[in-house]
Amino acid sequence: MIFLELITLEESETNYEYGNDPYKRPMEKLLKNGLVIIDKPSGPTSHEVSSWVKRILNINLAGHAGTLDPKVTGVLPIALENTAKCIPIWHALPKEYVCLMYLHRDAKEEDIYNIFKEFTGRILQRPPLKSAVKRSLRIRKIYSMDILEIEGREILFKVRCQSGTYIRTLVKNMGEALGTSAHMQELRRIKSGPFEEEEAFYLQDSKDAYVFWEEDGEEEYLRNIVKPLEYGLKHLKKVVIKDSAVDAICHGADVYLKGISKISKGIGANEIILIETLKGESVAVGSSLLSTKEILKLEEYTNPVVDIKRVFMKPGTYPRMWKGKNKIIIKK
């Protein structure tokens, strides 16, 4: 469980006439502001699985944070409707895989281990022909590779890598460097961004849970599968704002000291952080202009402390309590 310690700058109360606890949203709103973590089977592409989820949950839009390779199984985060804005944030985090690599000729174990060490760190990759990006040479980081088992020409290994790394290409390049050539036989994603294998559900689970809710009014199973938008942002450090500042930020205003109630410990300058209400709702994400230590030293500050980058909450969710064109003026 992720726990981020908060420092209170000013005790504030929230008005429960506006907004709501993200984990108690009405189901209809949850389906438009939620996410599901699917245990993707081999065969269909991530895009196809995303389309199936859209039909299962009877929603208009579903986006995914996964590869087009149909052979990849495992963790596939799918954003429902308004939650699509979170996908770039998930992509910024590393991914983890377990891969079965097959060598086309025999190789010494010592040479295999040396090649794995050689390909750990910064590597050059060219995306494969069947990819959604331009096939230009680019740098990707391999944070770690651990060989789990070697049996004949089969090598089972675990890799933690930068998002956008092509494991099929990595295996091919390692095989060429080893002098045996090789291909990816199986690949399972065990972590994608903030989501882990233990959190994933099968497609049939989603179907069954939706039917229980639609036909019997039973929400428990569906709520267990459909998580609120906030669940996918819990890894971010945060600034908790007062009710009086919420609508201004929904309209794109930056965050000022007067609007802050609490902040996370350890925020650094230029770090992507979450802007949250006192009820725990995600309002926006932004780039911190000051560190936590610098904010705590402020007595008065007329410049923003967070530069808003992406807004999640719709304007009008909280009442307008601000005025002015260029800065927020908080009413006391």
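Below is a table of values for the structure above.
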{"item": "Some residue of the stretch 88-99 being touching a residue at least 12 places away in the same chain (Cβ under 8 Å), in contact with a Leu (Cβ under 9 Å, 6 or more places away or on another chain) and surrounded by fewer than 16 Cβ atoms within 10 Å (Cβ to Cβ)", "result": "no"}
{"item": "Selected residue (criterion: nearest to Cys86 (Cα to Cα)) from residues of the stretch 7-33 that are surrounded by 16 or more Cβ atoms within 10 Å (Cβ to Cβ) and in contact with a Lys or Arg (Cβ under 6 Å, 6 or more places away or on another chain)", "result": "Gly19"}
{"item": "Lone qualifier among Leu100, Leu68 - being assigned to a strand (DSSP E or B) and more than 30 Å from Asp247 (Cβ to Cβ)", "result": "Leu100"}
{"item": "Elements of type helices (runs of 4 or more DSSP H) in the stretch 105-217, at least 2 residues being without any contact (Cβ under 8 Å) to a residue 24 or more places away in the chain and assigned by TED's automatic domain parsing to the domain that holds Ile59", "result": "203-216"}
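The values are calculated or read from the model by the stated rules, or taken from the named source; none is laboratory data. Here the structure is a predicted model, which means the values were calculated and not measured. Positions of Cβ are generated from backbone atoms using ideal geometry, with glycine treated the same way; all protein chains shown enter the neighbour counts.
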